[in-house]
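Written below as structure tokens is the structure these notes are about.
The values are calculated or read from the model by the stated rules, or taken from the named source; none is laboratory data. Values in this document were obtained by computation on a predicted structure and should not be read as measured data. Cβ coordinates were reconstructed from backbone atoms using ideal geometry, including for glycine residues, and neighbour counts include every protein chain displayed. Just the protein is used for accessible areas: all its heavy atoms, side chains included, with ligands, DNA and RNA removed. Shrake-Rupley method; radii C 1.70, N 1.55, O 1.52, S 1.80 Å.
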Amino acid sequence: EQITFGDGKMKILMKKNQGKQQPCSHAQSENVKPKALVSGELRTRYNMFRYGRYEVSMKAPCVQPHDTKINGNFVATVFIFRDASFHHWREIDVEVTGRRPGAISTNVLNANHAARWHRYMEETDYPTTYDHVNARADFHTYAFEWLPDVIRWYVDGKMIREKKDSKVKVPELSAKIMMNLWVYRHTKFPFGGFELKNDKFPMVSEYDWFRFYKWDGDTDYPPAGMKASALHGDDLYLTSNNPCDGIPQIGEVEKHGKTFKPCKATCR
């Protein structure tokens, strides 16, 4: 409900939560507490994408209506991600935040059987190259190239970061492509920006287009014909995005050394 398509663009709307949601987060496979805000997230079906180039034309939201210079707290993204309950946590991000008009962060995460985020699993960089850009005023092209031994991030065609294997390894497993809009209002570490008091809702991020170019050296992903039947067993682990997509939720949630069945939400 928070994602709309019109005039050739996709919009993600974040607003105050005035409704009532099911407690089960189908994508997360477990119950979550009610949230003060609601937003949207676009996900591809299955862990079907791997090495190649990912590009998006995106405009970040204004913190307050019609004013692109006021800073606040938000995170507007394009990224790859796997898994729902962090059986294999693999992630490569481009995140535009509310810290400054040109605030961009690039992240890579790689861990197994992690119930929550830990510093050891992530390498983050905040390039200052684009501090002069206002990501809220115009569309900009954000991209990353993901290869077996290196990741390169780009803004408007210029490389802003290169990461090779180090303490955090370059992800090697297939994943989903995702785009979302969220806030992180933890007062001790407000990742999306420090001026939380400035946030006015609703906020809207816009996407003009997205492109994926497969690396010629990857013979497995995406599979021929984009057929899910060609995926390996572990690729199907808790891969359903929502209770209406018709994809079975295969596997059990792993958390703190224990396993339990995923929660069940109903399609409505």
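Specify which of the listed residues (V253, V170, V150) is at pLDDT 95 or above, closer than 28 Å to A115 by Cα and buried (at least 19 other Cβ atoms within 10 Å of the Cβ). If you could, list the steps in order and put the result at the bottom.
Values: V253 fails: at pLDDT 95 or above; V150 fails: buried (at least 19 other Cβ atoms within 10 Å of the Cβ).
Within the list V253, V170, V150, the selection yields V170.
From the set of residues in the range 6-24 that are touching a strand residue (DSSP E or B) at 6+ places or on another chain (Cβ under 8 Å) and either free of Cβ contacts under 8 Å to residues at least 60 places away in the same chain or not in a strand (DSSP E or B) (or both), which is nearest to H87 (Cα to Cα)? First the steps, then the outcome.
Our first condition is that a residue be touching a strand residue (DSSP E or B) at 6+ places or on another chain (Cβ under 8 Å); within the range 6-24, this holds for 8-17, 19, 21, 23-24.
Then keep just the ones that are either free of Cβ contacts under 8 Å to residues at least 60 places away in the same chain or not in a strand (DSSP E or B) (or both); that gives 8, 17, 19, 21, 23.
Values: G8: 36, N17: 30, G19: 31, Q21: 26, P23: 22 Å.
Here the residue is P23.
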- Message: Looking at (1) part of a strand (DSSP E or B); (2) under 29 Å from H88 (Cα atoms), which one does A27 not meet, given that it meets all the others?
- Response: (1)
- Do we have any residue at all in the range 256-266 that's open to solvent by 50 Å² or more (accessible area, probe 1.4 Å) and closer than 21 Å to S174 by Cα? no
- What are the residue pairs meeting all of these: first residue in the range 193-212, first residue touching a residue at least 60 places away in the same chain (Cβ under 8 Å), second residue assigned to a helix (DSSP H, G or I) and aromatic (F, W, Y), Cβ atoms under 9 Å, and 6 or more apart or on different chains? none
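Okay, residues lined up against (1) open to solvent by less than 40 Å² (accessible area, probe 1.4 Å); (2) of a type outside the set (S, T, Y); (3) more than 17 Å from the chain's Cα centre (by Cα):
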site	(1), (2), (3)
N180	yes, yes, no
R185	no, yes, yes
D199	yes, yes, yes
Y213	no, no, yes
G217	no, yes, yes
S229	no, no, yes
Y237	yes, no, yes
P243	no, yes, yes
G246	no, yes, yes
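From the residues in the range 97-108 that are outside any loop (DSSP other than H, G, I, E, B) and either in contact (Cβ under 8 Å) with a residue 60 or more places away in the chain or out of contact with any strand residue (DSSP E or B) (no Cβ under 6 Å at 6 or more places or on another chain) (or both), which one is nearest to E172 (Cα to Cα)?
We begin by selecting, within the range 97-108, every residue outside any loop (DSSP other than H, G, I, E, B); these are 97, 104-108.
Keeping just the survivors that are either in contact (Cβ under 8 Å) with a residue 60 or more places away in the chain or out of contact with any strand residue (DSSP E or B) (no Cβ under 6 Å at 6 or more places or on another chain) (or both) gives 97, 108.
On the way: T97: 27, V108: 12 Å.
The selected residue is V108.
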- Residue list for the range 39-59, filter: open to solvent by 20 Å² or more (accessible area, probe 1.4 Å) and of a type in the set (A, V, I, L, M, F, W, C): L42, F49
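Could you check how many residues of the range 118-147 are open to solvent by 30 Å² or more (accessible area, probe 1.4 Å) and part of a helix (DSSP H, G or I)? Give the derivation first.
Pass one, the range 118-147, residues open to solvent by 30 Å² or more (accessible area, probe 1.4 Å): 118-120, 122-126, 128-129, 131-132, 134, 137-139, 141, 145, 147.
Keeping just the survivors that are part of a helix (DSSP H, G or I) gives 119-120.
Here the count works out to 2.
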- Among the residues of the range 46-61, which ones are under 27 Å from Y184 (Cβ atoms) and either of a type outside the set (A, V, I, L, M, F, W, C) or in contact with a Gly (Cβ under 7 Å, 6 or more places away or on another chain) (or both)? N47, Y54, E55, S57, K59, P61
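Hey, does the range 197-211 have a residue that's closer than 30 Å to G8 by Cβ and modelled with pLDDT under 95? Can you show your working first?
Of all residues in the range 197-211, those closer than 30 Å to G8 by Cβ come to 199-211.
If we keep only those that are modelled with pLDDT under 95 as well, we get none.
No, that holds for no residue.
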- Task: Just name the residue that is least open to solvent (accessible area, probe 1.4 Å) out of those in the range 19-38 that are polar (S, T, N, Q) and within 30 Å of L231 (Cα to Cα).
- Result: S29
- Item | Test: residue in the range 128-145 that is at pLDDT 95 or above and closer than 24 Å to D234 by Cβ | yes
